[in-house]
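Some notes on the structure that comes next.
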Amino acid sequence: MKKQVGGISLTYNSSKRKWRSEKLSHLGSSIFSEVAAWKGEALKSGLDVIDLGIGSPDQPPALEIRQTLSEAVLQEGSYSYPTSKGSVAFREKASAWMKQRFGVSVDSEDELVALMGSQDGLAHLALAICNPGDLAIVPDPGYPIYSGSLAIAGVVPWHLPLLEKNSFLPDLDSIPEQVWREAVFILLNFPGNPVSAEADISFFEKLIKLARKWDVLVVHDLAYSEMGFDGYRPISILQVPGAIDIAVEFHSFSKSFNMAGCRIGFMTGNSEAIAALRELKGNIDYGVFQPIQEAAIIALELAMASDNYQGVADLYERRRDVFVEALADEGWVVPKPKATMFIWAPLPYSIIDSRVAGAREFAKELLLKTGVAIIPGDAFGTQGAGFVRIALVEDEQRLVEAAKRIGRYLREEL
């Protein structure tokens, strides 16, 4: 319809305006909200729900971390605006931890920025370093914000398959030259979520070599750096000589130090990308609450106090062993991950010829009939079809109980 306003002819839509951006439909999978709805149904029906869906740590931070936080919040001077890039003390401690943990030297002033959790940086990085219409390479399956952040920024995703036949490592040689030529960055996550594949230094060296050839920024999400098992300790991509010239890396306190609700992490690496993210964040937030930064400093000091620091790794390794063995006793054999808090499991063979068509139907029926909540793999991309993700976020007794319920379901319902 047309209407004259102040002598100007305006065209407007007579239908009711929708106050919702179309981009929101591309932020992540609807399966997560579906699982939440299924959980609500299960609770209403009186089931005791064992929630192995969301990867939220069930343990508190160390006492020293909590004491530091509680004392800092009582200080009158703690309530001014912090800086978006993080306090000097936090950045210097994070830099020192990178040196001790990985043998990597990073400049705390120009090569490190504090974040409100690593997801803050993952969500905003494409906005800071890309233009609308640019292309970025992201893994499939992958953590939903990887693709969701591209939707926010108007960046085109090119999905790099993570296949079981390749041990869920990407085939870098399969990426077409045209994709390398157009891509602004490639994002990978080792050890990962939902798959827990680990990359060795030779893989990272090859990745860095390709990135240099095509002038593509490498973005490595190392949120699970402190969750390696069986003697394995995840490595930093910045351990590759010269990688800091063309790579950045995300680190999180949520999983490593049980500080999920505190919302703190950092990105480190290439100074140009760091500066771009700092500039964006300087316009949209005022940084992490100072007492939380002080608590995070204590977390890093605890980790640096011993060369044999294991942190949360031992807890999740025990849970992994107990749960995988309990599932095997019930007839479902799943791979043992070498890292992270997740089991990435192919559907049981008994489902293939049953009335349950796939992972989504399996997850729904399992939850509604047994109270065990897991996430179907297609929540993380098309390559996740036929898999489920199970989070080790309950104690060992509850994990054994969950395995028994799953076993009964497999025997009695399918």
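Considering only Cα atoms, the convex hull volume of the range 15-151 works out to 258 Å³ per residue. Extension gain, LYS336 to LYS18: 0.36 nm times the residue separation minus the Cα-Cα distance gives 109.8 nm.
A full extension of the chain between ALA96 and LEU210 corresponds to an added length of 38.1 nm, given 0.36 nm per residue minus the alpha carbon distance. Placing unit charges on each Cβ (+1 for Lys and Arg, -1 for Asp and Glu) gives the chain a dipole about its Cα centre, and among GLY331, GLN293, GLY386 the Cα reaching farthest toward its positive end belongs to GLY386. Pairs with C-alpha atoms separated by more than 27 Å, drawn from the list LYS23/LYS44; LYS93/LYS209; LYS281/LYS336; LYS44/LYS338; LYS18/LYS39; LYS255/LYS338, are LYS23/LYS44; LYS93/LYS209; LYS281/LYS336; LYS44/LYS338; LYS18/LYS39.
If you rank ARG212, ARG320 by how much accessible surface each has, with a 1.4 Å probe, what is the order from largest down? Present the calculation step by step, with values, prior to reporting the outcome.
Values: ARG212 115, ARG320 5 Å².
Accessible-area ranking of ARG212, ARG320, largest first: ARG212, ARG320.
Listed by chain and number, the aspartates and glutamates placed with their C-alpha closer than 18 angstrom to that of LYS206 are ASP171, ASP173, GLU177, GLU198, ASP215, ASP221, ASP245, GLU249; residues fewer than eight positions away on the same chain are left out.
Net charge of the neighbourhood of LEU300, taken over other residues with C-beta under 13 Å away and scored Lys/Arg +1, Asp/Glu -1, is -1.
The separation of the range 145-175 from the range 369-408, counted between C-alpha centres, amounts to 24 Å.
A 1.4 Å probe, protein heavy atoms only, puts the accessible area of SER105 near 80 Å².
Size of the dipole of the range 72-157 about the Cα centre, Lys and Arg at +1 and Asp and Glu at -1 on the beta carbon, nothing else charged, in debye to 20?
On the way: 5 positive and 9 negative charges, 43 e Å.
Using only the charged Cβ atoms, the result is roughly 200 debye.
Can you pull the percent of Cα pairs in the range 162-307 with separation above 18 Å? The calculated P(r) of the range 162-307 puts 63 percent of pairs beyond 18 Å.
Over the range 182-240, what lengths in whole Å, largest first, do the semi-axes of the equivalent ellipsoid take, defined as the square roots of 5 times the eigenvalues of the alpha-carbon gyration tensor?
That gives 22, 12, 8 Å for the three semi-axes.
Would you work out what percent of the accessible area of the chain, with all protein chains in place, is carbon or sulfur (probe 1.4 Å)?
The value for the chain is 51 percent carbon and sulfur by accessible area.
Taking every DSSP beta bridge with both residues inside the chain, roughly what % is antiparallel (nearest 5)?
So the antiparallel bridges in the chain amount to around 50 percent.
Could you compute how fast the range 268-414 diffuses translationally, taking Rh as the Kirkwood radius over C-alpha pairs and applying Stokes-Einstein at 37 °C with viscosity 0.692 mPa s? Give it in µm² per second. The calculation lands on 179 µm²/s. ARG66 contributes about 110 Å² of solvent-accessible surface, heavy atoms of the protein only, 1.4 Å probe. Mean residue ellipticity at 222 nm, helices only, the chain: -12500 deg cm²/dmol; runs of at least 4 DSSP H residues each add -39,500 (n - 2.57), and the sum is divided by the number of residues. Per-residue Karplus couplings for the range 145-152, computed as 6.51 cos²θ - 1.76 cosθ + 1.60 with θ equal to phi - 60°, are listed in order as 5, 4, 7, x, 5, 5, 4, 4 Hz, Gly and Pro entered as x. Calculated over the chain, the projected area of the Cα convex hull averaged across directions stands at 25.5 nm². Using only side-chain charges placed at the Cβ, +1 for Lys and Arg and -1 for Asp and Glu, the dipole size of the chain relative to its Cα centre rounds to 1500 debye.
Report the one residue of VAL113, VAL49, ILE235 whose Cα lies farthest in the direction of the positive end of the charge dipole of the chain (charges on C-beta: Lys and Arg +1, Asp and Glu -1; origin at the Cα centre). Going by the Cα projections, it comes out as VAL49.
Along the axis of the charge dipole computed for the chain (Cβ charges of +1 for Lys and Arg, -1 for Asp and Glu, origin at the Cα centre), the listed residues TYR224, SER147, PHE168 are led at the positive end by SER147. With coordinates expressed along the principal axes, the C-alpha atoms belonging to the range 88-240 extend over 41, 35, 28 Å, beginning with the largest.
Quick one: putting +1 on the C-beta of Lys and Arg, -1 on the C-beta of Asp and Glu, what dipole do you get for the range 261-414 around its Cα centre, in Debye to the nearest 20?
Result for the range 261-414 is approximately 420 debye, rounded to the nearest 20.
Could you calculate, for the range 155-210, the ratio of the Cα radius of gyration to the Kirkwood radius, expressed as Rg to Rh? List each step's numbers first, then the result.
Details: Rg = 11.5 Å, Rh = 12.2 Å.
That ratio is 0.94, to two decimals.
Using a probe of 1.4 angstrom and keeping all protein chains present, the accessible surface of the range 369-414 works out to 37 square angstrom per residue.
Could you calculate the FRET efficiency of TYR286 with ASP171 from 1/(1 + (r/R0)^6), where r is the beta carbon distance between them and R0 is 45 Å, rounded to 0.05?
Numbers: r = 43 Å, r/R0 = 0.95.
FRET efficiency, TYR286 to ASP171: 0.60.
Here the range 249-330 was treated as a single set of alpha-carbon atoms; its pair distances binned every 5 Å from 0 give 3, 11, 15, 18, 17, 12, 9, 7, 4, 3, 1 percent. Summing charges over neighbours of GLY407, with a neighbour being any other residue whose Cβ is under 14 Å away from its Cβ, gives -1 when K and R count +1 and D and E count -1.
Near VAL388, the amide H atoms lying under 5 Å from its own belong to ALA345, LEU347, GLY377; only residues 5 or more places off or on other chains count, and H is placed 1.01 Å from N. The spacing between the range 97-139 and the range 36-68, judged by their C-alpha centroids, is 29 Å.
The values are calculated or read from the model by the stated rules, or taken from the named source; none is laboratory data. Just so we're clear, the structure is a prediction, and the values are computed from it rather than from any experiment. Neighbour counts are summed over all protein chains in view; Cβ atoms, including those assigned to glycine, are modelled from backbone coordinates with ideal geometry. For accessibility, only protein heavy atoms count, side chains too; no ligands or nucleic acids. Shrake-Rupley method; radii C 1.70, N 1.55, O 1.52, S 1.80 Å.
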